[in-house]
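For reference, the structure discussed in these notes is given below.
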Amino acid sequence: MNVIESILSKDELTRQDITLLLQANDEDRAKLFAKSAEVKEKYVGRKVYLRGLIELSNICSKNCFYCGIRSGNQDFTRYNLSDDEVVEAARYSWQNGYASIAIQSGEVSNSAFTQRITNLLKKINAATSSELGITLSMGEQTEETYREWFDNGAIRYLLRIESSSRELYAKLHPNNKAHDFGKRVECLRLLQRVGYQTGSGIMVGLPFQTIENLADDLLWLKEMDVDMVGLGPYVEHPDTPLYKYKDMLLPLDERFALALRVIAILRIIMKDINIVAPTALQAIDKLGREKAIKIGSNVVMPNVTPGLYRNEYKLYNNKPSTAEADEDCKKCLEARIRLTGDEIGYNEHGNPIHFTQRNKRIL
Ligand code: 5AD
Ligand code: SF4
């Protein structure tokens, strides 16, 4: 048994083990991927669940240094879908058996926004016989707001930590109260306390990020006991402050390869969570999501935002836009996922087993 084989045969991985796996050579990487695929099959099965992604609005009050829709960027059009457009996209997902939707928006925290989302949740549920599993991703909010949305039918919430290192987090965000690491962690705790299936995630290949940072991120996600993870490669955007560090980044294909390893290791250390096959992988390699599904991911988020607006939700460069998103049409998606050997869990919520098991223990 070589070093990697003996690591892969262990029950618990240490920080040192993870850093070795992240740097394994090609032959060993194949062993890592074989192991993560095996864990996926054993613990969550070879099924991929769909969440119709609705990009509600690109209006954001924050100014994260990496993000194309940050408030400081004025070089593009801000939009806000109408309630009817959102309900229509939700109905489309429901009628096509997607069973879940994820509504994503820039961060806005005020009572009008809270109220709007509450009303939207009511409208969506009325239009879809309350059958959709609704995920929200709207950033940091108060406990009351999280609770109000939960009470009105949202069951999952995604809030990425981006990096679990305080130091790196501080390099990626303005130094003010609106971008506080501790507050973000606290919000994740609130979400868990309210009862959401809670998701977080990171970006891979950020400037200043080390392999040890990534190992710590993986252990942090485990420690936080999240139910879902969405993580993807960092893709630089020219109209952002972080762009000036573009020359210190790994080449895109290496960021891609590293993100795949991170997903594989995550599957091994958090066996029964849901892991998204991220769109940011697809931005680098057309078959990126399929590659992620093969080695551990079990959720895909096809974009169901009305075509008109898709080009404006540009978090990063090369984000698949209107043209590519057509490949997410139902038939194309089916063909793509069939390529991986997995099947689509139509009409199933696909709740994370990690969440259902934990709650069974509590009851
Ligand atoms: N590259 C990759 N992912 C990004 N995000 C924002 N900007 C970028 C970028 N430049 C991701 C963040 C955020 C999510 C909405 O999009 O992880 O949480
Ligand atoms: Fe806003 Fe999220 Fe982009 Fe930060 S990452 S600027 S909170 S949309």
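The values are calculated or read from the model by the stated rules, or taken from the named source; none is laboratory data. Worth saying up front: this structure is predicted, and the values here are computed from it rather than measured. Please note: Cβ atoms are built from the backbone with ideal geometry, for glycine as well, and neighbour counts cover all protein chains shown. Note: areas computed on protein heavy atoms with side chains; ligands, DNA, RNA excluded. Shrake-Rupley method; radii C 1.70, N 1.55, O 1.52, S 1.80 Å.
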Counted residues in region 54-68 being buried (at least 17 other Cβ atoms within 10 Å of the Cβ) and out of contact with any Leu (no Cβ under 6 Å at 6 or more places or on another chain) come to 8
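Report whether or not residue 24 is out of contact with any Phe, Trp or Tyr (no Cβ under 8 Å at 6 or more places or on another chain) and free of Cβ contacts under 8 Å to residues at least 12 places away in the same chain.
No: the conditions fail for residue 24.
Would you check which residues across region 15-60 are closer than 30 Å to residue 95 by Cα and within 16 Å of ligand 2 (Cβ to nearest atom) and list them? Spell out the reasoning first.
Applying the first criterion (closer than 30 Å to residue 95 by Cα) to region 15-60 yields 40-41, 43-59.
53, 54, 55, 56, 57, 58, 59, listed by residue number.
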Of the residues 80, 73, 63, 96, which single one is in contact with a helix residue (DSSP H, G or I) (Cβ under 7 Å, 6 or more places away or on another chain) and touching a residue at least 24 places away in the same chain (Cβ under 8 Å)? 96
Name the residue that is surrounded by the most Cβ atoms within 10 Å (Cβ to Cβ), counting only residues in region 199-214 that are within 19 Å of the chain's Cα centre (by Cα) and more than 14 Å from ligand 1 (Cβ to nearest atom). 214
For residue 75, are the conditions met, namely being modelled with pLDDT under 95 and either surrounded by fewer than 16 Cβ atoms within 10 Å (Cβ to Cβ) or more than 16 Å from ligand 2 (Cβ to nearest atom) (or both)? yes
Cβ contacts < 6 Å: first residue among the hydroxyl-bearing types (Ser, Thr, Tyr), restricted to region 160-187; second residue open to solvent by 20 Å² or more (accessible area, probe 1.4 Å) and modelled with pLDDT of 95 or more, any location; separation 6+ or different chain. Result? 164/216; 164/220; 165/213; 169/181
Just the residues that are open to solvent by 10 Å² or more (accessible area, probe 1.4 Å) and assigned to a strand (DSSP E or B), please, taken from region 149-168. 155, 158, 162
Sole miss for residue 51 among (1) at pLDDT 95 or above; (2) surrounded by fewer than 16 Cβ atoms within 10 Å (Cβ to Cβ) is condition (2)
Pairs, please: C-beta under 7 Å, at least 6 apart or cross-chain, first residue under 12 Å from residue 285 (Cα atoms) and in region 244-267, second open to solvent by 70 Å² or more (accessible area, probe 1.4 Å) and assigned to a helix (DSSP H, G or I)? 260/291
From the set of residues in region 92-118 that are open to solvent by 20 Å² or more (accessible area, probe 1.4 Å) and in contact with a Leu (Cβ under 9 Å, 6 or more places away or on another chain), which is nearest to ligand 2 (Cβ to nearest atom)? 104
